[in-house]
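Novice: Structure below; questions to follow.
Only the coordinates and a few stated rules stand behind these numbers; no lab work does. Remember, predicted model here, so these are calculated numbers, not experimental data. Counting neighbours? That spans all protein chains shown, and the Cβs are built from the backbone with ideal geometry, glycine included.
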Amino acid sequence: MPESRHVVIIGSGPAGLTAAIYTARANLSPLVIEGEPSSTTDQPGGQLMLTTEVENFPGFIDGIQGPELMGSFRAQAARFGAEFLTEKVSRVDFSHRPFDLWVGDPHAPEPTYTADAVIVSTGARSIMIGLEAESRLLGYGLSTCATCDGFFFRNRQIAVVGGGDSAMEEALFLTKFADKVTVVHRRDELRASKIMQERAFKNDKIEFLWDTEVVDLIGEQRLEGAHVRNVKTGELSALDVTGMFVAIGHRPNTDLFRGILDMEESGYLITTPGGTATNIPGVFACGDVQDHTYRQAITAAGSGCMAAIDAERWLEVNHAVPPEFTDTPTSW
Ligand code: NAP
């Protein structure tokens, strides 16, 4: 028998955990299906688990480490009764209410959970360059997370690919460990904010390789270098590095909802302007999975709060079972 829940939250970044705090405080006993440890982190919790210093989350004068911030979000949600399942949702069926969600075998005849309302906060993930060698060398000199792996690159020459804020952040962080950090960017100007550009330009350990793309990675067991090409002259050369960090953006984690929830071509979920409702009444989306504009922890948290309030109001209007009668079968 599936376990029936009022609210299931899929994902445990700042959006999902803020939605958990709010729905828990509204007595909706949320279940957070928080995802699984990834290859780069031993805990779920979204992209902030892969971040070092967060300086722009309001309330922390001296900044806070990403994982510590997420740990606090989670503990706060748990304090109000949110429950956590450290697994991934493998399938959803939103064609009827209550909604069906599977964890584990997606072909199992019965869903694992039913939910009166669902909040989708599955976030986004790192985009890779698209080289065959990337899968072989990821974790062996190739990384998408300076926070996780920077320590292993002491006194080494390393490259960061990308020209946005993420690339500058990674490059600056890596100068704490590496002898030299070469930023490889495909154009001759950065996309990063002025303040991040200035910090990177001022740092003598950072060099820039402009108009350049990485065409191949060298090394079988470990990264031993890269072949790069100047996109203007076509000239090929070898880059002598033993570490490389890819920081070229992110893709929303929405495969699970393809053909079910409306999404843009890029995969970002479409929500009502100024709100969090998706095309399916009772399913709400918040955080990076539906935001390609701001993509900040604070905006994700803000939209998580909105999704919780939207879900709570929707449940009230749709006569969902009052939280104090959780044993009563749901009727619509
Ligand atoms: P982004 O702003 O989209 O930048 C991606 C960079 O990677 C761009 O420079 C892009 O080049 C390059 N790129 C994309 N695909 C590539 C490919 N296949 N090969 C080589 N290069 C490629 O992504 P982001 O830096 O991850 O930042 C995302 C958002 O988060 C931004 O809004 C950013 O401001 C924000 N953010 C803020 C902070 C902070 O404030 N501390 C930190 C991180 C992120 P082009 O420039 O040529 O397109």
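Novice: Quick one: in segment 219-241, of everything that is crowded, with 18+ Cβ neighbours inside 10 Å and of a type outside the set (Gly, Ala, Ser), which residue is nearest to Phe177 (Cα to Cα)?
Specialist: Restricting to residues being crowded, with 18+ Cβ neighbours inside 10 Å and of a type outside the set (Gly, Ala, Ser), the top hit is Val241.
Novice: If Arg191 meets every condition in (1) touching a helix residue (DSSP H, G or I) at 6+ places or on another chain (Cβ under 6 Å); (2) outside any helix (DSSP H, G or I) apart from one, which number is that one?
Specialist: All conditions are met except number (1).
Novice: Just one of the numbered conditions (1) polar (S, T, N, Q); (2) within 16 Å of the ligand (Cβ to nearest atom); (3) in contact with a strand residue (DSSP E or B) (Cβ under 8 Å, 6 or more places away or on another chain) is not true of Asn56; which one?
Specialist: (3)
Novice: Further, regarding this structure: Report, ordered by the first and then the second residue, all pairs with beta carbons closer than 7 Å, sequence separation of six or more or different chains, a first member in segment 226-240 that is more than 19 Å from Ile158 (Cβ to Cβ), and a second member that is of a type in the set (A, V, I, L, M) and surrounded by 12 or more Cβ atoms within 10 Å (Cβ to Cβ).
Specialist: Final answer for the pair search is Arg229/Val215.
Novice: Moving on. Quick one: would you say Ala178 is touching a helix residue (DSSP H, G or I) at 6+ places or on another chain (Cβ under 9 Å) and in a strand (DSSP E or B)?
Specialist: no
Novice: Given the conditions (1) in contact with a helix residue (DSSP H, G or I) (Cβ under 7 Å, 6 or more places away or on another chain); (2) in a strand (DSSP E or B), report the number of the one that Met128 does not fulfil.
Specialist: (2)
Novice: Moving on. Filter segment 186-232 for residues that are within 23 Å of Glu132 (Cα to Cα), away from the ligand (no atom under 13 Å from the Cβ) and polar (S, T, N, Q) and give the result.
Specialist: Hits for segment 186-232 are Gln221, Asn230.
Novice: State which residue is surrounded by the most Cβ atoms within 10 Å (Cβ to Cβ) when the search covers only segment 151-170 and only residues that are more than 6 Å from the ligand (Cβ to nearest atom), outside any helix (DSSP H, G or I) and hydrophobic (A, V, I, L, M, F, W, C).
Specialist: By that ranking, first place goes to Val160.
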